[in-house]
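Here is the structure we will look at, set down as structure tokens.
Please treat every number below as a calculation from the coordinates, not as lab data. Being a predicted model, the structure only gives us computed values, none of them experimental. Heads up, the Cβs are rebuilt from the backbone with ideal geometry, glycines too, and the neighbour counts pull from every protein chain shown.
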Amino acid sequence: MSRNDLIQLEGVVAKVLGGGTMEIECDNHMIIRGVLSGRMKKHRIKVMVGDKVQVSVSPYDTSHGLITYRF
């Protein structure tokens, strides 16, 4: 699946779970579990509770995704 096929959602980090996993509450009140993308890890971008983020979600499984941008 290419990067263009993913659904882009925006939300706020609600909870930080173990292993780099975070719960994100999207604007449409969905809860998504997301992990940091490789580029965010590479550039050591920190994401904390309350940060607004962009999440890339697969159309096949919308329960988890990749955090690709922090606003």
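Under a Cβ-Cβ cut-off of 13 Å, what is the net charge of the residues other than Lys52 that fall near it, where Lys and Arg count +1 and Asp and Glu count -1? Display every interim value, and only then the final one.
Details: positive: Arg70; negative: Glu10, Glu25, Asp27, Asp51.
For residues surrounding Lys52, the net value is -3.
If the elastic network links every pair of Cα atoms under 10 Å, which of Gly38, Gly18, Gly50 fluctuates the most in the Gaussian network model of the chain?
The residue with the greatest mean-square fluctuation here is Gly18.
When Met40, Met30, Met48, Met22 are ordered from fewest to most other Cβ atoms inside 10 Å of their Cβ, what list results?
Ranking Met40, Met30, Met48, Met22 by Cβ neighbours within 10 Å, fewest first, gives Met48, Met30, Met40, Met22.
Is there a quick way to get the dipole size of the chain? I mean about its Cα centre, with the Cβ of Lys and Arg at +1 and of Asp and Glu at -1; what is the value in debye to the nearest 20? Write out the running numbers ahead of the final one.
Values: 10 positive and 7 negative charges, 104 e Å.
Using only the charged Cβ atoms, the result is roughly 500 debye.
Would the chain count as rounded, prolate or oblate if I go by the C-alpha gyration tensor, calling it rounded below 1.5 in a/c and otherwise prolate when a/b exceeds b/c, oblate otherwise? Mind dumping the intermediate values first?
Working: a/c = 1.59, a/b = 1.14, b/c = 1.39.
Oblate.
Kindly put Ser63, Ser58 in sequence by how many other C-beta atoms sit within 10 Å of each C-beta, fewest to most.
Ordered by Cβ neighbours within 10 Å, fewest first: Ser63, Ser58.
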